[in-house]
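*Asks:* Below is the structure I would like to discuss, written out as C-alpha cells.
The values are calculated or read from the model by the stated rules, or taken from the named source; none is laboratory data. Predicted, not measured: the structure shown is a model, and the values here were computed from it. Positions of Cβ are backbone-derived with ideal geometry, glycine not excepted, and every protein chain shown enters the neighbour counts.
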Amino acid sequence: MKPRDSDEGTDRAASREPLRSGRLRARRYDFSAALGDLAGGAIAALIALPYGLAMAKLMGLPPELGVWTSLLTAPITAALGRNPVLIGGTASATVPFVAAAVRHDGLEGAAKICIVAAIFTMMFGLLRLGRHIARVPHAVISGFSCGIGIHMVVSQLHVILGLSTTRLGRWAGALGELLEVLSRLDESRTRPFLLGLMVILGAWGAMRIWPRGPLPLFGITIAASSAALLNWREPILGELSFDLPTSIVIHWRLDDLIGVLPSALGLAFVSSINLLVTSRVVEHFRGRHNPLRGSDADAELGAYGVANLVAGAFAAPPSVGIPARSLASIRCGGLTRLANLWHAAVILALTRLGSGAIAAIPLAALAGVTAFVGLGLLEWSVWRRLPKMRRVDAAAFLATAIIVPTWNAVAAVTIGCGLYALRAAVRKALARMHGTK
C-alpha cells in the first residue's frame, strides 16, 4: 500500500520530528508525545499477538514462541536500531526457512538456523553489505511476497476445511498440498470453514473502517465469540505457557553446521531485505523521502542480528521489520523508541492477563488469520500490471512467486536475481559484438 504523506498522523509526526538517534529533546517530549508512544505501542501489540501466534504455529513451533520473538528482541532493537519507529516481530518471509529446519530437527533445528542466520546478519552489517542488499530488484521482492502468500493460504486449507493432517511428505510443496485438499473435499466440515471465513471477512470489514487497526484481532474475536455462543466444540489452541522459555541445548556437529549454512544464509539474506525495505517504507510514511543512508542500513542489520541471536537461543523465530505494526504505531502517535518498548510491555500484559482467552481460540480461526495475511501478500496490483511490465521484471516476478511455494525460497530469490544478471550479461555480449563489427 502506498504511504499517504498528507495523512494527519504524518503531519503530526513531522511537527515533532525526532532526532536521528530517536530521542526527542527533553523540552519537546511532553505528555502528548508520551501518550502517542503509549497508544502507538499498544496498537502495535494488538496487531502482533494473533499474528505472532499464527506465524509460529505455521513454522511448526510452539505458538507462544512467535510472541516471545517480540518480547526478547524489542528492547535490543529499540536501543541499537537506527530507525526509532521501526517495530519488528515474527514475519511471513521467514516461514519457509524455519519450517524446514523444524521438520528436519525440531526445536534444535530452529535454534541452529536462527542463530547462524543472526550471525550472518551481523556480518552483513560489519562488512557494510546493507547498502547493497537493499538494491535487490523490486520485482523479486514482490514475487517473494506473493510466493509466501500462496504458501500461507494453501498450507491452512486443510485446517479451515476441517480435514485431518495432510498425508503428504514434507517436500510435497504447495501444489501437492492443494491437490490433496481438492481430492478430499468430500471430507470437509462446515463449522471450521465458517470460523475461518469469519476471521477473513471480519478482518476485511474492519480494514474498510480502520485500515491500520489490529485487523486479525477483530476477525479472531468475532470467530471465537461465535464459537462460544453457538457451543461449537472445535479444536482450540489450548493452554500456552508464556513463561520465559528455556534456552535450547544445541549439539553442534561439523556436518550439521555445514548443512545449515545455505539455508541460514538464505534466511539472513531474505530477512535483511525485508528489514531494510520496511525501514525505507516507514521513513517514507513519516515524510522523510531521502534514501536510507548506507551507514544506517548497516547499523540496522547489526542491531537486528544481535537481537535475533538472543531470540535464537530460545528457538524463537527471527525478528524483522513489520510494516503493519510500524505504520499503525506512527498513525496512533508513536514517535520514539519508547513506542517499541511499550509494544513489548503491552504484549507481556496481554499474555499475563488474557492467557485464558488466548487458549480458547479455535485452531480454524487461527488458520483464518494466516490465510488473511497470506491473501494480503498476493500482490494483486502487480498481477494487474503484469502485461505492461518489462519482460525481465515480469519473468523475475513470476519465477520467484512460483518457485517459493513449490520448491525452495533460497532458489527462488537466486533465480529471480539471476535473470537480471543474465540480462546484463546478454546486453554486454551484444554490445561487444556490435562494437567489433
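*Asks:* Step by step: first the residues of the range 192-237, then only those that are within 22 Å of the chain's Cα centre (by Cα) and part of a loop (DSSP other than H, G, I, E, B), then the one that is nearest to residue 57 (Cα to Cα). Which residue is that?
*Replies:* Ranking the candidates gives 237 first.
Residue-wise test of (1) surrounded by 15 or more Cβ atoms within 10 Å (Cβ to Cβ); (2) in contact with a Pro (Cβ under 9 Å, 6 or more places away or on another chain).
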| site | (1), (2) |
| --- | --- |
| 173 | yes, yes |
| 179 | no, no |
| 188 | yes, no |
| 193 | yes, no |
| 209 | no, no |
| 222 | yes, no |
| 227 | yes, yes |
| 252 | no, no |
| 255 | no, no |
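*Asks:* Oh, and also: Does residue 382 satisfy being among the aliphatic types (A, V, I, L, M) and either in contact with a Lys or Arg (Cβ under 9 Å, 6 or more places away or on another chain) or under 14 Å from residue 90 (Cβ atoms) (or both)?
*Replies:* Working: among the aliphatic types (A, V, I, L, M): yes; either in contact with a Lys or Arg (Cβ under 9 Å, 6 or more places away or on another chain) or under 14 Å from residue 90 (Cβ atoms) (or both): no.
The answer is no for residue 382.
*Asks:* Now for a different question. Can you give me the number of residues within the range 50-74 that are surrounded by fewer than 23 Cβ atoms within 10 Å (Cβ to Cβ) and within 15 Å of residue 373 (Cα to Cα)?
*Replies:* Final tally of qualifying residues: 1.
*Asks:* With 221, 190 as the choices, which residue is at pLDDT below 95 and hydroxyl-bearing (Ser, Thr, Tyr)? Quick ask: steps written out before the conclusion?
*Replies:* Values: 190 fails: at pLDDT below 95.
Sole residue among the options that is at pLDDT below 95 and hydroxyl-bearing (Ser, Thr, Tyr): 221.
*Asks:* If I filter the range 344-356 for residues that are under 25 Å from residue 276 (Cβ atoms) and either surrounded by fewer than 24 Cβ atoms within 10 Å (Cβ to Cβ) or of a type outside the set (S, T, N, Q) (or both), do I get at least one hit?
*Replies:* To start, the set of residues in the range 344-356 that are under 25 Å from residue 276 (Cβ atoms) comprises 344, 347.
From what's left, either surrounded by fewer than 24 Cβ atoms within 10 Å (Cβ to Cβ) or of a type outside the set (S, T, N, Q) (or both): 344, 347.
Looking through the range 344-356, at least one residue is under 25 Å from residue 276 (Cβ atoms) and either surrounded by fewer than 24 Cβ atoms within 10 Å (Cβ to Cβ) or of a type outside the set (S, T, N, Q) (or both).
*Asks:* Suppose the filter is of a type in the set (Gly, Ala, Ser), surrounded by fewer than 19 Cβ atoms within 10 Å (Cβ to Cβ) and at pLDDT 90 or above; does residue 424 pass it? Please lay out each step first, then the result.
*Replies:* Details: of a type in the set (Gly, Ala, Ser): yes; surrounded by fewer than 19 Cβ atoms within 10 Å (Cβ to Cβ): yes; at pLDDT 90 or above: yes.
When the stated conditions are applied, residue 424 passes them.
*Asks:* Looking at the structure I just gave you, is residue 397 buried (at least 19 other Cβ atoms within 10 Å of the Cβ), assigned to a helix (DSSP H, G or I), under 18 Å from the mean Cα position of the chain (by Cα) and aromatic (Phe, Trp, Tyr)? It would help to see each step written out before you state the result.
*Replies:* Numbers: buried (at least 19 other Cβ atoms within 10 Å of the Cβ): yes; assigned to a helix (DSSP H, G or I): yes; under 18 Å from the mean Cα position of the chain (by Cα): no; aromatic (Phe, Trp, Tyr): yes.
It is false that residue 397 is buried (at least 19 other Cβ atoms within 10 Å of the Cβ), assigned to a helix (DSSP H, G or I), under 18 Å from the mean Cα position of the chain (by Cα) and aromatic (Phe, Trp, Tyr).
*Asks:* Going residue by residue through the range 63-73, is there one that turns out to be part of a helix (DSSP H, G or I), closer than 29 Å to residue 332 by Cβ and acidic (Asp, Glu)? Let's see the steps before the verdict.
*Replies:* Step one: list which residues in the range 63-73 are part of a helix (DSSP H, G or I), which gives 64-73.
After this cut, where a residue has to be closer than 29 Å to residue 332 by Cβ as well, the list is 64-73.
Checking which are acidic (Asp, Glu) leaves us with 64.
Yes, there is a match, as at least one residue in the range 63-73 is part of a helix (DSSP H, G or I), closer than 29 Å to residue 332 by Cβ and acidic (Asp, Glu).
*Asks:* From the residues in the range 293-323 that are within 24 Å of residue 57 (Cβ to Cβ) and either among the basic types (Lys, Arg) or touching a Pro at 6+ places or on another chain (Cβ under 9 Å) (or both), which one is surrounded by the fewest Cβ atoms within 10 Å (Cβ to Cβ)?
*Replies:* Residues of the range 293-323 that are within 24 Å of residue 57 (Cβ to Cβ), as a first pass: 304, 307-323.
Going one step further and asking which of them are either among the basic types (Lys, Arg) or touching a Pro at 6+ places or on another chain (Cβ under 9 Å) (or both), we end up with 304, 307-308, 311-312, 314-316.
On the way: 304: 31, 307: 26, 308: 32, 311: 27, 312: 26, 314: 19, 315: 29, 316: 31.
Filtering the range 293-323 for residues that are within 24 Å of residue 57 (Cβ to Cβ) and either among the basic types (Lys, Arg) or touching a Pro at 6+ places or on another chain (Cβ under 9 Å) (or both), the one surrounded by the fewest Cβ atoms within 10 Å (Cβ to Cβ) comes out as 314.
*Asks:* Does the range 124-157 hold any residues that are farther than 19 Å from residue 91 by Cα and out of contact with any Gly (no Cβ under 8 Å at 6 or more places or on another chain), and which are they?
*Replies:* Within the range 124-157, 127, 129, 132, 135, 157 qualify.
*Asks:* Follow-up. Is there a residue in the range 361-383 that is within 30 Å of residue 192 (Cβ to Cβ), in a loop (DSSP other than H, G, I, E, B), in contact with a helix residue (DSSP H, G or I) (Cβ under 7 Å, 6 or more places away or on another chain) and modelled with pLDDT of 90 or more?
*Replies:* In the first step, residues of the range 361-383 are kept if they are within 30 Å of residue 192 (Cβ to Cβ); the result is 361-380, 383.
Still in the list and also in a loop (DSSP other than H, G, I, E, B): 361, 377-379.
When the remaining residues are screened for being in contact with a helix residue (DSSP H, G or I) (Cβ under 7 Å, 6 or more places away or on another chain), the result is 361, 377-379.
From what's left, modelled with pLDDT of 90 or more: 361.
Within the range 361-383, one or more residues are within 30 Å of residue 192 (Cβ to Cβ), in a loop (DSSP other than H, G, I, E, B), in contact with a helix residue (DSSP H, G or I) (Cβ under 7 Å, 6 or more places away or on another chain) and modelled with pLDDT of 90 or more.
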